[in-house]
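Working notes, structure below.
The values are calculated or read from the model by the stated rules, or taken from the named source; none is laboratory data. Remember, predicted model here, so these are calculated numbers, not experimental data. Quick reminder, even Gly has a Cβ in these numbers, built from the backbone with ideal geometry, and neighbours come from all protein chains shown. Remember, those area values only see protein heavy atoms, side chains included, never the ligands or the DNA or RNA. Shrake-Rupley method; radii C 1.70, N 1.55, O 1.52, S 1.80 Å.
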Amino acid sequence: MFPSPSTPRPARRVRTALGALKSLAAAALAVLAACGGGTSQYEPFVPERLFAFGDEASALTTDAPTGRNYGINGIDSNDTADDTSDDFIDCTLQPNWAQSLAASYGFVFAECNPGNATEIKARNWAAPGARVAEVAAQVDAQVAAGGFRDKDIVSLMVGVNDIVELYGRYDGSNEEALLAEARERGNGAALIVNRLIALGAKVVLSNIPDLGFTPFAVKENTAHPGGDRGGVLSRLSSAFNERLGVSIL
């Protein structure tokens, strides 16, 4: 089963700060910075602010200890592995992808600011359980709070909760209708991206993983022998991603 989006995942003892996702974020940013003609001069994009929109893949907790994510949280052992009395959850260890993207520009979120930076340039609107409709509302909230500028960068990942919701309606005979709805949700996510672009933000967008290759899919296949439940989840995921990909500007 998917873990409850209202509860962060267990902590793990780690000593490294940024993992492979930081490399992926940096690669994406390299594409953003490489705009320009073959012989013309260009100015690399240097953001002044970052906004994170999406679901639990991007969210951080606001309750104590703040800054926990909904993946693996790291524990700092204070170099005393044999003594756990001084261990503490360190929100800078095992960051989610939005944190890694922000860190690549030297930004921090207010929820995870152990260095007590006085100028917070990253804001996290993401929330556990969010679907496309809720992310559209997150963007509305930022517009109401002051909007966007041309030096803003946005991270966006949404769709997993939409697919889980649609799969919950599967009765063995209505896959085509659900695929059509998944495509509409993908179109809806693309509209959010296009709106952000129109508002002046630069967008770093992630599609969703193939949910047919998850523990949830394994459990559903076991519960419904011969029902190809993993295949249904894969096809719903693909339908969403395909429409998202072809509908963005």
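The table that follows gives values for the structure above.
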quantity: Subset of segment 199-249 [over 19 Å from the mean Cα position of the chain (by Cα) and not in a helix (DSSP H, G or I)]; calculated: Leu199, Gly200, His224, Pro225, Gly226, Gly227, Asp228, Leu249
quantity: Search result, residues across segment 47-76 that are among the acidic types (Asp, Glu), touching a strand residue (DSSP E or B) at 6+ places or on another chain (Cβ under 9 Å) and either assigned to a loop (DSSP other than H, G, I, E, B) or open to solvent by less than 10 Å² (accessible area, probe 1.4 Å) (or both); calculated: Glu48, Asp55
quantity: Index of the failed condition, Arg12 passing every other in (1) at pLDDT 80 or above; (2) assigned to a strand (DSSP E or B); calculated: (1)
quantity: Filter pass, Ala136 being among the small types (Gly, Ala, Ser) and open to solvent by 50 Å² or more (accessible area, probe 1.4 Å); calculated: no
quantity: Close pairs (8 angstrom Cβ cut-off, 6 or more residues apart or separate chains): on the phi > 0 side of the Ramachandran plot in segment 56-76, aromatic (Phe, Trp, Tyr) anywhere; calculated: Gly67/Phe109
quantity: Within segment 203-219, considering residues that are free of Cβ contacts under 8 Å to residues at least 24 places away in the same chain and either touching a Lys or Arg at 6+ places or on another chain (Cβ under 8 Å) or within 28 Å of Val193 (Cβ to Cβ) (or both), the one surrounded by the most Cβ atoms within 10 Å (Cβ to Cβ); calculated: Ala217
quantity: Flag if Val143 is open to solvent by 10 Å² or more (accessible area, probe 1.4 Å), within 30 Å of Asn187 (Cβ to Cβ), of a type in the set (Val, Ile, Thr) and under 13 Å from the mean Cα position of the chain (by Cα); calculated: no
quantity: Scan of segment 220-234 for residues that are surrounded by fewer than 19 Cβ atoms within 10 Å (Cβ to Cβ) and not aliphatic (A, V, I, L, M), ordered by number; calculated: Asn221, Thr222, His224, Pro225, Gly226, Gly227, Asp228, Gly231, Ser234
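Yes/no matrix, rows are residues, columns are (1) acidic (Asp, Glu); (2) modelled with pLDDT under 95:
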residue	(1), (2)
Asn78	no, yes
Gln94	no, yes
Ala133	no, no
Glu165	yes, no
Asn187	no, no
